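The values are calculated or read from the model by the stated rules, or taken from the named source; none is laboratory data. Quick caveat, the model's predicted, so the values are computed rather than measured. Heads up, the Cβs are rebuilt from the backbone with ideal geometry, glycines too, and the neighbour counts pull from every protein chain shown.
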Amino acid sequence: MKREKLNFFKQLWIALFRPDQYGSLITIGNGRMIGFVVLFSLLYSIVWMGSLMMSLDLDAVAQILKEELPDFYLEDGELHLEEPYQVAAQNSFICADSEIEKFELSDLEYIMDTTNYEGILLISRKNLLLYEDHKYRELNFSDLHVKGTRDELFEKSISFIRKASMMLSVIIFPFLAIIHFIAALFLALFAGIFSAIFQRSLSGGQVYRIGIYTYTMLMLAGLIFGVYLSVVPTVFAQFIYFILGAVYLVVGVIYTNNRADAKRQEMAQRTAGLYNGYGEPMGYYGQDAFSTEPIGFQGQENQVTGTYGNWPLEQGEDTVMINGTVCQKSDLDLVDKYLLVGLKESAMDTLCQLLNCTKEAAEEVIMNWQQYYK
């Protein structure tokens, strides 16, 4: 079957909006399919992190902190506050005073013993002590190696967070690609079940590709609901994922088989012409390779060609016995025509139907084709 050469954007368009054209995607080579998953994972991670940064609105958060916190500056490993700052809210307590050189652990323990605060933050001129989730943390400002005013430090922090988010996108996208390949296996299982229900007889590679492109759509839907439609209840969003996944798999399976058949017929018609690419006759002297009409052999009016056009069949022999099954000669003519034009898979499928056998058995018959068709 001819390999499709769809670029990334055409693949993405079909994957997201045209499941009825999934038949064109199953003919894409492995390299293009893997490249699509890797590039999509990279773009997805960038858009995902960018969307999170937009939803957080760091500039607005910085503005709120500027209004709530007193002015300060950090220089030579020391914090200088314009005035002491103290807040006690619910189960938390914050105290910042640059007139105190350094808070000790004993100061933190004293507050814990005399109060019921679950979170305590103490900030002095040289250090910071934090008690949270039953754990102690200490930070010495001399370890930061930064300096600047409150506004300058906020701007540097925001810039750092944005750069870190972009770096994180590059770091996590390979893991997203791996998840994509694994999730496609799960979806391919359901695609295989639908293939059996609708009698499409798709191969493992075909249903896996359907799973690859269906999961592409589900990832985008998850991004939309997770970031832009976060107000939608999780249960409702999961229900939509399930419905979308089922619809895309069913439509993809139904149309994939039809598209594959069309591709096969198109190739057969191209190879059934009077001359091949070298200017030599090919086919049964210009006849349609899929015609059921008797095939005349030039110079031998009472014989027809067989076994790739070389073995004559005697007239009057209407049936042939293969592995205990009686087959019509006309049916075997069709198998032989498939073999002549190089469509071995089509020949094997036809034999499987005639003999009600597996592909392995059909392939064995083709290997000994001269024995049955002569």
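Among the residues of segment 326-349, is there at least one that is at pLDDT below 65, under 23 Å from Ser201 (Cβ atoms) and either among the aromatic types (Phe, Trp, Tyr) or under 39 Å from the mean Cα position of the chain (by Cα) (or both)? No: segment 326-349 contains no residue that is at pLDDT below 65, under 23 Å from Ser201 (Cβ atoms) and either among the aromatic types (Phe, Trp, Tyr) or under 39 Å from the mean Cα position of the chain (by Cα) (or both).
Among the listed residues Lys126, Lys135, which satisfies the condition of being of a type in the set (Lys, Arg) and out of contact with any helix residue (DSSP H, G or I) (no Cβ under 8 Å at 6 or more places or on another chain)? Steps first, please.
Working: Lys126 fails: out of contact with any helix residue (DSSP H, G or I) (no Cβ under 8 Å at 6 or more places or on another chain).
Going through Lys126, Lys135 in turn, the sole match is Lys135.
The set of residues in segment 350-374 being within 34 Å of the chain's Cα centre (by Cα) and part of a helix (DSSP H, G or I) consists of Thr350, Cys352, Lys359, Glu360, Glu363.
Filtering segment 71-88 to residues that are part of a loop (DSSP other than H, G, I, E, B) and in contact (Cβ under 8 Å) with a residue 40 or more places away in the chain leaves Asp71, Asp76, Gly77.
Search segment 198-223 for residues being small (Gly, Ala, Ser) and under 19 Å from Ile240 (Cα atoms), and hand back the single one that is modelled with the lowest pLDDT. If you could, list the steps in order and put the result at the bottom.
The first filter runs over segment 198-223 and keeps only residues small (Gly, Ala, Ser), leaving 201, 203-205, 211, 221-222.
Cutting the leftovers down to under 19 Å from Ile240 (Cα atoms) gives us 211, 221-222.
Details: Gly211: 93, Ala221: 90, Gly222: 87.
Per the criteria, the residue is Gly222.
Could you check, for segment 205-216, whether at least one of its residues is touching a Ser or Thr at 6+ places or on another chain (Cβ under 7 Å) and either among the small types (Gly, Ala, Ser) or in a loop (DSSP other than H, G, I, E, B) (or both)? Checked against the condition, which is being touching a Ser or Thr at 6+ places or on another chain (Cβ under 7 Å) and either among the small types (Gly, Ala, Ser) or in a loop (DSSP other than H, G, I, E, B) (or both), segment 205-216 yields no hits at all.
Flag not set for Ser41, criterion: surrounded by fewer than 12 Cβ atoms within 10 Å (Cβ to Cβ), small (Gly, Ala, Ser) and at pLDDT 85 or above.
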